[in-house]
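Working notes, structure below.
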Amino acid sequence: MSARRRHPRTRENRVLRLFARLEREARLDPVIDKLGAGIRSLPLGRGRDALHGRWLGHPVHPLLVQVPIGSWLSAAVLDLRRDRPREAGLLVGVGLAAATPAALTGAVDWAELNPPQQRVGLVHALSNTAALALYTASLACRATGRTRTGRTLGFLGLTAVGAGGMLGGHLAYRQAAGANHAEAVPHLVTPGWHRIGALDDLPPGLPVRRSVDDVPVMVLRETDGTVHALADRCSHLAGPLSEGTVSDGCVQCPWHGSVFRLTDGLNVRGPAVAPQPAFEVRVTDGQVEVRLRGQEGQDADGGEPEQNLSEVDHAHIH
């Protein structure tokens with residue numbers, strides 16, 4: 001008889017356990033609620049979408065943080081050599097100047113997250129705030145000739161930045177903050193037309209949820225009979241668009257207010273930075289059929305495959 005192989009005993013490491021506890025730490029919520037409300041009330045206008053990164057197609061914050069982190073890391077390398085104090089001080093100053101827009105974009109994104117993400121994000125922000133204080137003190141010491149103290153404070157600041165970066169990585173990659181939550185739709189929906197139900201079963205003017213290959217789809221029948229279909233889970237944080245509100249040819253996510261155009265899924269207002277997967281729609285023999293836009297396997301011009309026209313009662317292609 002062959003000996004049974006014993007699996008090695010493994011445990012989640014202490015850092016991940018600590019992060020998991022932080023995600024559940026509801027005692028932070030009163031502070032989070034006040035800070036979040038304050039950030040959302042800032043009169044940023046259209047600038048809010050720019051800070052989210054709607055123009056870029058993904059959050060701006062991860063891009064902007066490269067400048068202060070890179071500057072401070074470079075300053076630390078020079079501090080280790082101890083022969084370029086002026087250049088090291090200059091890099092510390094550049095990092096401090098770049099930290100303000102990076103922090104603003106991060107705060108705007110943070111205010112639109114779910115509670116477990118916000119709890120981690122709050123500690124992330126506190127760690128980075130400590131780093132800012134340490135680097136500000138470091139620059140002041142360097143400017144007054146206390147270079148050794150300035151170097152020490154700089155190394156402490158880099159440690160705080162590292163801790164904040166680790167929390168930010170957990171927030172982005174473990175908790176998927178800032179990720180496109182609708183990205184998987186084109187990989188799950190098979191090419192071609194899919195029947196989702198009878199046209200008469202769709203209430204005019206009200207979004208409803210249907211399913212294509214187990215992928216939730218929001219379907220809306222307008223009063224003139226035109227039918228629109230978008231992936232139901234919002235690209236921001238997977239909120240159900242079928243429970244949202246419809247106005248001016250758009251649907252608004254009920255969770256964080258992202259607005260998508262019904263005709264093509266374009267994200268016309270954030271916090272969503274990615275458009276919503278959209279479906280072409282046709283009605284055949286009173287049955288609604290949908291096909292994902294731009295999917296591989298379709299004709300290059302996006303046209304429909306040949307079909308028996310005698311079977312088509314009427315069609316609305318969007």
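Couple of notes before you dig in:
- Taking one quarter of the surface of the C-alpha convex hull of the chain gives a mean projected area of 26.1 nm².
- Taking every DSSP helix (H) stretch of at least 4 residues in the chain, weighting each as -39,500 (n - 2.57) and dividing the sum by the residue count yields a mean residue ellipticity at 222 nm of -13500 deg cm²/dmol.
- Relative pair counts by distance (%), Cα atoms of segment 127-213, 5 Å bins: 3, 12, 12, 9, 9, 8, 7, 6, 6, 6, 6, 6, 5, 4, 2, 1
- Descending Cα extents along the principal axes, segment 79-118, whole Å: 47, 18, 5
- Projected label distance in nm at ALA20 and ASP248, using a 7 Å step from Cα toward the beta-carbon: 4.6
- Straightening the chain between THR149 and LEU42 buys 34.7 nm, computed as 0.36 nm per residue apart minus the Cα-Cα spacing.
- Relative intensity of segment 95-143 on a log10 scale, I(q)/I(0) at q = 0.21 Å⁻¹, equals -0.74, per a Debye sum over C-alpha point scatterers of equal strength in the absence of solvent.
- The Kirkwood hydrodynamic radius of segment 1-131, based on inverse pair distances between different Cα atoms, is 17.7 Å.
- Cysteines in the chain lacking a second Cys C-beta under 4.7 Å: CYS141, CYS250
None of the figures in this text is laboratory data; all of them are computed from the coordinates on show. Bear in mind that the values here come from a model prediction, so they are computed numbers and not experimental data. Methodologically, a virtual Cβ is constructed for each residue, glycine included, from the backbone with ideal geometry; neighbour enumeration extends over all protein chains shown.
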